[in-house]
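Reviewing the structure listed below.
The values are calculated or read from the model by the stated rules, or taken from the named source; none is laboratory data. Everything numeric here is computed off the predicted structure, so don't read it as measured data. Glycine gets a Cβ as well: all are built from the backbone with ideal geometry, and neighbour counts include every protein chain shown.
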Amino acid sequence: MPNAFHPHDHSHCASDGLARADAILAARKQRLTPVRRQTLEILLSEHRALGAYEVLERLAAAGFGKQPPVAYRALEFLVDQGFAHKVRRLNAFTACMHPETDHAPLFLICRGCNALAETAAAPVRAALDAAAQAVGFTVERTSIEALGLCPACGPELGAAP
């Protein structure tokens, strides 16, 4: 079961995520600028998607200014590099939990508390690719978003009432 739906130390998520990003970017001969690092740390600090303006508010509180391009450029870089995903249903962003792999994310979104978990989408993607292939279609990119209830919000481990 995805870690996001269980109590744990979020600071551990952030420190591990930042260390992985530093290592991956070093191998690519790139780095996190201070605003990109702070943006990634903001996304890693919670297991939910954050809107660009919520990220901007937190960046401003950290001294990075209040201009929307500040947040949007940092978010765009993180998405392009695979350290964040855009959650279209929520028009928001979340840290990627698997930045070292090229993958199609599967998001489990709690409609009760807005917690969000990224989990393995390989079996779902395989089924999607098979269905597409049956009609001659080639899937190039996908993001799957499922809405439901997490264990804390739904009775009997998240089952809908």
Which pairs do you get when a residue that is within 19 Å of residue 91 (Cα to Cα), found in the stretch 124-152, comes within reach of a residue that is of a type in the set (Val, Ile, Thr), reach meaning Cβ atoms under 9 angstrom, with the pair 6+ apart or on two chains? 142/124; 143/87; 144/124; 145/87; 145/109; 146/109; 147/109; 148/109
Screening 60, 14, 23 for residues that are in a helix (DSSP H, G or I) and touching a Lys or Arg at 6+ places or on another chain (Cβ under 7 Å) leaves only 60
Looking only at the stretch 66-78, filter to residues that are at pLDDT 95 or above and touching a Phe, Trp or Tyr at 6+ places or on another chain (Cβ under 8 Å); which one of those is farthest from residue 56 (Cα to Cα)? 78
Residues satisfying the stated conditions in the stretch 119-161, i.e. modelled with pLDDT under 85, among the charged types (D, E, K, R) and surrounded by 14 or more Cβ atoms within 10 Å (Cβ to Cβ): 125
Condition broken by residue 86, with the remaining ones in (1) in a loop (DSSP other than H, G, I, E, B); (2) surrounded by 16 or more Cβ atoms within 10 Å (Cβ to Cβ) satisfied: (1)
Tell me, yes or no, whether the stretch 61-77 has at least one residue that is crowded, with 17+ Cβ neighbours inside 10 Å and touching a Pro at 6+ places or on another chain (Cβ under 9 Å). yes
Please go through the stretch 89-114 and give me each residue that is touching a Cys at 6+ places or on another chain (Cβ under 6 Å) and surrounded by 21 or more Cβ atoms within 10 Å (Cβ to Cβ), ordered by number. 110
